[in-house]
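S.K.: Mind having a look at this structure? Questions to follow.
Coordinate-derived values only; no laboratory data. None of these values were measured; they are calculated from a predicted model. As a convention, Cβ positions derive from the backbone with ideal geometry for all residues, glycine included, and neighbour counts pool all protein chains shown.
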Amino acid sequence: MNAAHDALERLREGNRRFVASIQSGETLLGPTKPIELGQPQNPVAIILGCSDARVPAELVFDQGLGDLFVIRVAGNVVAPSQVGSVEFAASRFGTPLVVVLGHSGCGAIMATIEEMQSPSGSASSRNIHSIVNRVRPSVEGLLATELRHDMHQLVHHAVRANVRASVNQLRHGSELLEQLIQQGSLTVVGAEYSLETGAVEFLDLPG
């Protein structure tokens, strides 16, 4: 757990630098260190994030080349290829921390809500629909509440519900990852990045 805690603190510190650079108007170049092309990678964290062009994990956490093992997919959903990628990094490199990184105003979340509210008007391709279907369980319950009358709050809660669903799938949908978690060598957490402020909020951290 100490390695995961140290990795989490490193990401937090990096995000604080990123936010400070936004507020000051400075260009953040990231930590400087000598880089040897082709050297073995030793990532401190695995980031399963959204493909949104505004959420590049290395910049958001102010990390350098080789520091993060990044998996990006629209809606930060978990499918077999994403699970396999996390398994690969966790087992091959001993990376102690996985962060599922969602973000405010997620287009995949909004597309899912729109499709569920007017399914007959959906023009999604089969492949886009496969992403929507993975997000759908996180939205269904919220649409049955008063949140359906407030799109901003609905998206906000749906983003977090979707992050938590992906975290749960990684924690309990892979024998290999479950084993690493039980051994204390892997921690999986969720987080939300704010497009408005640049800040990352970590969600439901283990005690």
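S.K.: Could you work out [θ]222 nm for the chain from helices alone, using -39500 (n - 2.57) per DSSP H run of at least four and dividing by all its residues? Round to the nearest 500 deg cm²/dmol.
M.R.: -15500 deg cm²/dmol
S.K.: Moving to a separate point now. Scan (1) 1, 7, 14, 16, 15, 13, 11, 8, 7, 5, 3, 1, 0; (2) 1, 8, 16, 21, 22, 17, 10, 4, 1, 0; (3) 1, 7, 15, 18, 19, 15, 11, 7, 3, 1, 0, 0 for the value of P(r) over Cα pairs in 5 Å bins from 0, in percent calculated from this model and give just the label.
M.R.: (3)
S.K.: Let me ask something else about it. If Lys and Arg each add +1 and Asp and Glu each add -1, what is the summed charge of the other residues whose beta carbon sits under 13 Å from the beta carbon of Ser104?
M.R.: Result for the neighbourhood of Ser104: -2.
S.K.: Convex hull over the Cα atoms of the range 114-203, averaged projected area in nm²?
M.R.: Across all orientations, the range 114-203 yields a mean hull projection of 7.9 nm².
S.K.: For Leu195 and Asp150 in one chain, what is 0.36 nm times their gap in residues minus the Cα-Cα distance, to one decimal in nm? Don't skip to the end; give the middle numbers.
M.R.: Values: separation 45, 0.36 × 45 = 16.20 nm, distance 1.94 nm.
That pair, Leu195 and Asp150, stretches by 14.3 nm at full extension.
S.K.: Using 0.36 nm per residue, how much length does the chain from Ser91 to Asn2 gain when fully extended, once their Cα-Cα distance is taken away? If you can, show how the numbers build up before the last one.
M.R.: Values: separation 89, 0.36 × 89 = 32.04 nm, distance 1.76 nm.
Full extension of this stretch gives 30.3 nm more.
S.K.: How tilted is helix 151-172 with respect to the longest principal axis of the chain? Cα atoms for both, answer in degrees (0 to 90, nearest 10).
M.R.: Result, in degrees: 60.
S.K.: Moving on. Going by average Cβ neighbours within 10 Å, how do the peptides 40-51, 144-155, 10-21 rank, with the highest at the top?
M.R.: Going by the mean number of other Cβ atoms within 10 Å, highest first, we get 40-51, 10-21, 144-155.
S.K.: What would the Debye formula give as log10 I(q)/I(0) at q = 0.12 Å⁻¹ for the alpha-carbon point model of the range 47-122, no solvent?
M.R.: With no solvent term, the Cα-only Debye profile gives -0.40.
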